[in-house]
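Participant: This is the structure I have questions about; it appears just below.
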Amino acid sequence: MEGKQADLVLEGGGVKGVGLVGAVATLSEAGYRFPRVAGTSAGAVIAAFVVALQRAGEPLSRLEDITRTLDYRKLRDRGALGKAAGPLARVVDGLSLAFDGGVFEGDYLRKWVAGSLRELGVEKFGDLRVVDPGSALPPEHSYALVLTASDVSRRQLVRFPWDYPLYSLDPDEQAVADAVRASASIPFFFEPVTLRAKDETGASVVSTLVDGGVLSNFPIGMFDRTDAQPPRWPTFGIRLSMRPDGRVQTHEVRGTVSLALSLVETLLEACDAQHINDACVQERSIFVDTSGISPVDFGITEEQQEQLLSAGREAGVEFLRSWDFDEYLSHCRTFAGTATEGLT
């Protein structure tokens, strides 16, 4: 792989994920390639296409064109009953939330991801295996893409494809679009993903998966070394929430729906706060200004999308203006398996 290299971790943030595209484009134009990419929720969607485009030998400038084919309004895909309910749609939404765990089915997102990835030659995680004998990762983790989800049955964060063996599933045979759909299962809005598997005794086990952001919206340490060896290249993180010293916006909460919306936004914005406020984590993170846009505004306008793309590009330019890997290592590197180590 030629040129500058960095591994990439993309934060979740619902429709604000458009901002990730602008930042990735800026890094790519600066000559960076990404051996491994991790993402949560919206970050999982973008991460999958970054890896697929690179695998296909396509320029990452195509990322913007691909994401423009996503119709955000169709993300609100109610079931057949909800569509036929007309004025009673809100009642049906309440029943869907009560019995299915989410208002929307999430089928449109999965089908869009699956179809778009298929055009790039990617369907299963087996398509994304990598060979890198110099890596500190174990052979079973040799994939170019890692996506997170929250298993609320097991009460733990899961990393796909790495953790598919926990469910007695072959990682190579699992569909990338399924993992993206699980990672982006925003609580209350999208129905959770059910994963059926067998335990070590052969008994059937059912796990419920929701948005990875519930447990870790910005898994910046995903690829960090733990073998006390110096990194070959850095890990860059791209965030969709403001810096810790940014201005806090206050919203009035009224009623159950407003409370659910605010709860989701709080989860997506505040998860990992203590960890990512570390000075060295901030130094390797790109902060995209997405203020004023809700992560669950599925009616986002083209103008707002352009705003997010521009914000991502501006954030990338600002980051690269001051980024110096050697300087970063000089005061953030201990070679002792700490969270400030970059992947190799």
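The values are calculated or read from the model by the stated rules, or taken from the named source; none is laboratory data. The structure presented is a predicted model; accordingly, all values stated were derived computationally and were not measured. For neighbour counting, all protein chains shown are included, and Cβ atoms are generated from backbone atoms with ideal geometry for every residue, glycine included. Side chains are part of the model used for accessible areas, which takes the heavy atoms of the whole protein and leaves out ligands, DNA and RNA. Shrake-Rupley method; radii C 1.70, N 1.55, O 1.52, S 1.80 Å.
Participant: Looking at Val146, Val122, which one is within 16 Å of the chain's Cα centre (by Cα) and either over 24 Å from Asp71 (Cβ atoms) or in contact (Cβ under 8 Å) with a residue 12 or more places away in the chain (or both)? Working first, answer last.
Facilitator: On the way: Val122 fails: within 16 Å of the chain's Cα centre (by Cα).
Sole residue among the options that is within 16 Å of the chain's Cα centre (by Cα) and either over 24 Å from Asp71 (Cβ atoms) or in contact (Cβ under 8 Å) with a residue 12 or more places away in the chain (or both): Val146.
Participant: Taking segment 290-331 as the region of interest, how many residues are charged (D, E, K, R), touching a residue at least 60 places away in the same chain (Cβ under 8 Å) and part of a loop (DSSP other than H, G, I, E, B)?
Facilitator: Residues flagged as charged (D, E, K, R), touching a residue at least 60 places away in the same chain (Cβ under 8 Å) and part of a loop (DSSP other than H, G, I, E, B) within segment 290-331 amount to 1.
Participant: Oh, and also: Of everything in segment 133-142, what is touching an Asp or Glu at 6+ places or on another chain (Cβ under 9 Å) and of a type outside the set (A, V, I, L, M)? Give them in sequence order.
Facilitator: Of the residues in segment 133-142, the ones touching an Asp or Glu at 6+ places or on another chain (Cβ under 9 Å) are 136, 142.
Ser142, the sole residue that qualifies.
Participant: Here is a list: Val248, Val206, Val253, Val264. Which entry is at pLDDT 70 or above and β-branched (Val, Ile, Thr)?
Facilitator: Val206
A quick yes/no check of all residues on (1) within 18 Å of Phe319 (Cβ to Cβ); (2) open to solvent by 10 Å² or more (accessible area, probe 1.4 Å); (3) of a type outside the set (A, V, I, L, M, F, W, C); (4) assigned to a strand (DSSP E or B):
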| residue | (1), (2), (3), (4) |
| --- | --- |
| Gly12 | no, no, yes, no |
| Val24 | yes, no, no, no |
| Ser28 | yes, yes, yes, no |
| Val45 | no, yes, no, no |
| Ala48 | no, no, no, no |
| Val51 | no, no, no, no |
| Pro59 | no, yes, yes, no |
